[in-house]
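The values are calculated or read from the model by the stated rules, or taken from the named source; none is laboratory data. Remember, it's a predicted structure, so these values are computed and weren't measured experimentally. As a convention, Cβ positions derive from the backbone with ideal geometry for all residues, glycine included, and neighbour counts pool all protein chains shown.
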Amino acid sequence: MTQRKQTTRASLELLSPAGNTESLRAAVANGADAVYLGLTDFNARRRADNFQPEQLTEVMAFLHMHNVRGYVTVNTLIFPDELPLFTKRLEMIASAGADAVIVQDLSAVALARQIAPTLPVHASTQMTLTEPHGIEQVRALGVSRVILARELTLDQIARVARATESELEVFVHGAICFSYSGQCLASLARGGRSANRGLCAQPCRLEYELFVDGQARNLEDKKHLLSPSDLTTWRRVGELADTGVHAVKIEGRLKSAEYVAAVTSLYRKAIDAASAGVSFQPDPQHLEAVAHVFARNISEGFLGDTDRRKFIDGRSPTRRGLLVGTVVRADDRYVIIEMAREYTGRLKPGDGLAFAPDLADGNCSGGRIYGVDSLSSRQMRLAFAREDLDPRKLSAGMCVWKTDDPAIGKRLRASYTRVEPTRRVGLSARISAQPDTPLSIEFSDEAGHNVRVESDHPLAAALHYPLTLDDARRQLDRLGSTPFALDQVELCGPEGPTGELPVMVPASILNQLRRQGVQSLIEARQNHAKHDIVDRQALANLRANLAFEPSPPITNTYLSILVRTREQSLALCEKGLQLNGKPHLVYADPQDIDNLPPMLDSLRRAGFRTGASTVRILPPDHEVLLDRIIESRPDAVLIRNIGSLGYLRTRLPGIEMVADFSFNIVNDVSGALLLRWGVRRITPGFDLADDAMPLLLEHLPATCLEMPVYYRIPLFHTRYCPKRPSAATK
């Protein structure tokens, strides 16, 4: 594999979420290098406000005016009948000047490359890419950046970066999923709302019981077993940059603009400090603001915490605010509280407080503080308006949470009330003039965009005051709220560069030409950002290029069986199974790879064709698991991830490869791509609706499908183990 270009701390991109226009402004004003956003369809956060398709050109113009990049998420699975509309969406995104699209479905990669080859394609974390082989496979398809699974450690990220040319992006802050993204079927199975279609109902935030070896565990107040703490890794920014990642990403398209402002500002300061080579310790007020806008419990996820028990606290699935203390006593007028030692802020009139019996209890009462008196260094006496809170309903020992601070909210909103460009690109000007000819100025920016403007009338010769370089700089430097900062200014006469021009130039002419030139350059930049649509029949042409011969009438139905233990394989060998003869194929899927050879040997002796199953998630540097499959000489391989496909197709040429449901194939274009990669049969993703199956078969031969008829659907696929949290690093 090839080596990617090393990313420096100074070039690390900060990517912030925008669920609406207010959040977009908050991200730009507080230092985001790029913003990611979704439209009203085909995005994994359909519950966000999102943007109307017709807004996109204006949104991209706003971002580019502030020298901020804009990435559009179309990161859901796409059903066959949705492909025509999806194609139109891609055309619109390209024409609007988006800097990239973020996709999950393989068909989206192929369509984007067919429609607008200059539009970069980023692979969503929903693609569940965790290692170099899978990354190289999608890079060959046209993906330029991969958003890695959140489950990788710093060391694993560094190993991936060293082995691929693709840009890498990593989540560093916000809510995280219990499952590997793209591999969770819990919401779909429980309520018909697919996470892969942007409609996750968040079943991981519910209460659960835990049974270990058939025995119920006493969970006490920790019943939210699958509800992860929020990711907070500002301490790790420098280390992440050193691994070679290109971008760090903040989760939060469903969060408020105040959240976007506070968190973006925090990571902007962390990146700038890492770039300067200095240590970074946020101001306590800034950390309080971040906790105020939204936070469950926090952890460094798999990036930093070696004790995975911090990954899930278990007591509450929602935002509780800041724990500020406990109730000492209350009467009909006042509440006396003991301040928590870890709380370093202060309480003031107007702050919102909530009171709960313990850390896990969701039954809170609360109100806004009316008055505050200090009784000691750690005890405060609080008064509330009677209509807000009746203190007599409170009891000693209750937890006190600070849920709102109007002063913090006001300060954060002020940060994006007026959005000025916080980063500017250099603007150069080349001025030419002679007596009796118009004044001409050629403006250019750092990206090589050039425009030329000239005055309406010829200039008179200067009798006393020629145009000097200082005079020109003085007028051209008035760039105000434009995206430019004046760099080079050059005066050019007949003989070349000169210190002055022998013409009289009123300041008004220079100002007018500066305004015209800057506006023309902005328009040139916006036009250059738009991507040419090279194929407006992309879907039809792609289907024609990927077309397969129609299937002959199916006369036989073949049965494949999957066994997971040696006992199951032995039972199958002893008893046999007759359905139009023996099973077509038996897959062995042992938990321990050491059990694979004996299981396959016993099945072969019984006369079965054998298949080996790959792991569903292939960690970096775990090719030994695939090598063991190669050594076991199966007749077929049930492949469960793109990395295993990329590895095995080159090392077992001609092997019968079957793509499992975890590839999330729900349309014919994605399925045809796998068949072109050498896959023999495909198990469609469970997200595919029953009524969409005939549409799939309109363009794919029925003989290439392997349909599950009896299968226990895995709801969560996770690296975290609720039974043994501290052992989840394996």
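Things to note:
- Lone qualifier among 358, 390, 373 - being exposed (fewer than 14 other Cβ atoms within 10 Å of the Cβ) and modelled with pLDDT of 85 or more: 373
- Residue in segment 41-56 that is buried (at least 24 other Cβ atoms within 10 Å of the Cβ), within 21 Å of residue 184 (Cβ to Cβ) and without any contact (Cβ under 8 Å) to a residue 40 or more places away in the chain present: no
- For segment 72-108, filtering for residues that are surrounded by 24 or more Cβ atoms within 10 Å (Cβ to Cβ), more than 14 Å from residue 38 (Cβ to Cβ) and in contact with a Gly (Cβ under 7 Å, 6 or more places away or on another chain) leaves 1.
- The residue list 695, 674, 618, 625 contains one member that is touching a strand residue (DSSP E or B) at 6+ places or on another chain (Cβ under 7 Å) and of a type outside the set (Gly, Ala, Ser), which is 674.
- Filter result for the condition that a residue is modelled with pLDDT of 95 or more, more than 39 Å from the chain's Cα centre (by Cα) and buried (at least 17 other Cβ atoms within 10 Å of the Cβ), over 510, 539, 521: 510
- Breaking point among (1) under 15 Å from the mean Cα position of the chain (by Cα); (2) assigned to a loop (DSSP other than H, G, I, E, B), for residue 49: (1)
- Cβ-Cβ contacts under 6 Å between residues 6 or more apart (or on different chains), taken from a first residue in segment 142-159 that is among the β-branched types (Val, Ile, Thr) to a second residue that is assigned to a loop (DSSP other than H, G, I, E, B), are listed as 146/129; 146/166; 147/124.
- Matching residues, segment 444-474, being part of a loop (DSSP other than H, G, I, E, B) and farther than 25 Å from residue 522 by Cβ: 459, 460, 462, 463, 464, 465, 466
- Members of segment 664-691 found to be surrounded by 20 or more Cβ atoms within 10 Å (Cβ to Cβ), in a helix (DSSP H, G or I) and free of Cβ contacts under 8 Å to residues at least 40 places away in the same chain, listed by number: 671
- Looking only at segment 239-290, residues that are over 21 Å from the mean Cα position of the chain (by Cα) and aromatic (Phe, Trp, Tyr) come to 1 in all.
Yes/no matrix, rows are residues, columns are (1) closer than 30 Å to residue 240 by Cα; (2) in the same structural domain as residue 240 (by TED's automatic domain parsing); (3) not hydroxyl-bearing (Ser, Thr, Tyr):
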site	(1), (2), (3)
296	yes, yes, yes
300	yes, yes, yes
326	no, no, no
334	no, no, no
353	no, no, yes
356	no, no, yes
368	no, no, yes
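- Of everything in segment 303-328 that is of a type in the set (Lys, Arg) and surrounded by 15 or more Cβ atoms within 10 Å (Cβ to Cβ), the residue that is farthest from residue 221 (Cα to Cα) is 308.
- If you filter segment 428-443 down to residues that are closer than 22 Å to residue 526 by Cβ and touching a residue at least 60 places away in the same chain (Cβ under 8 Å), you find that the one that is farthest from the chain's Cα centre (by Cα) is 441.
- Residue count, segment 591-625 (criterion: hydrophobic (A, V, I, L, M, F, W, C) and part of a helix (DSSP H, G or I)): 7
- Verdict on residue 638 being of a type in the set (A, V, I, L, M, F, W, C) and in contact with an Asp or Glu (Cβ under 6 Å, 6 or more places away or on another chain): yes
- Within segment 396-416, residues that are within 27 Å of residue 328 (Cα to Cα) sit with their Cβ atoms under 6 Å from residues that are among the basic types (Lys, Arg) and outside any helix (DSSP H, G or I), at 6+ positions apart or across chains, in these pairs: 396/329; 401/320.
- Counting only strands (runs of 3 or more DSSP E) that sit completely within segment 335-436, those holding 3 or more residues that are touching a strand residue (DSSP E or B) at 6+ places or on another chain (Cβ under 6 Å) and of a type outside the set (Gly, Ala, Ser) correspond to 365-374, 379-384, 399-404, 425-432.
To keep it simple, each residue is scored yes or no on (1) surrounded by 20 or more Cβ atoms within 10 Å (Cβ to Cβ); (2) in a loop (DSSP other than H, G, I, E, B); (3) out of contact with any Lys or Arg (no Cβ under 6 Å at 6 or more places or on another chain); (4) outside the structural domain of residue 275 (by TED's automatic domain parsing).
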position: 129; (1), (2), (3), (4): yes, yes, yes, no
position: 152; (1), (2), (3), (4): yes, yes, yes, no
position: 168; (1), (2), (3), (4): yes, no, yes, no
position: 171; (1), (2), (3), (4): yes, no, no, no
position: 201; (1), (2), (3), (4): no, yes, no, yes
position: 220; (1), (2), (3), (4): no, yes, yes, yes
position: 223; (1), (2), (3), (4): no, yes, yes, yes
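- Residues that are modelled with pLDDT under 95 and of a type in the set (Ser, Thr, Tyr) within segment 257-290 comprise 275, 279, listed in sequence order.
- Answer residue from segment 692-730, given it is at pLDDT below 85 and outside any loop (DSSP other than H, G, I, E, B) and is surrounded by the most Cβ atoms within 10 Å (Cβ to Cβ) among those: 725
- Considering (1) out of contact with any helix residue (DSSP H, G or I) (no Cβ under 7 Å at 6 or more places or on another chain); (2) of a type in the set (S, T, N, Q); (3) farther than 28 Å from residue 537 by Cβ, the lone condition that residue 118 does not fulfil carries the number (3).
- Breaking point among (1) farther than 30 Å from residue 326 by Cβ; (2) not in a strand (DSSP E or B), for residue 489: (2)
- In segment 291-307, the residue that is modelled with the highest pLDDT out of those that are under 19 Å from the mean Cα position of the chain (by Cα) and in a loop (DSSP other than H, G, I, E, B) is 300.
- Set 352, 397, 426: member being farther than 30 Å from residue 488 by Cβ and surrounded by 13 or more Cβ atoms within 10 Å (Cβ to Cβ): 352
The rows are residues; the columns are (1) assigned to a helix (DSSP H, G or I); (2) touching an Asp or Glu at 6+ places or on another chain (Cβ under 7 Å); (3) under 26 Å from residue 77 (Cα atoms).
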{"position": "207", "(1), (2), (3)": "no, no, no"}
{"position": "228", "(1), (2), (3)": "no, no, yes"}
{"position": "235", "(1), (2), (3)": "yes, no, no"}
{"position": "239", "(1), (2), (3)": "yes, no, no"}
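- As a summary of the residue check, residue 36 satisfies the conditions (1) of a type in the set (Phe, Trp, Tyr); (2) surrounded by 24 or more Cβ atoms within 10 Å (Cβ to Cβ); (3) at pLDDT below 95; (4) closer than 20 Å to residue 526 by Cα except for the one numbered (3).
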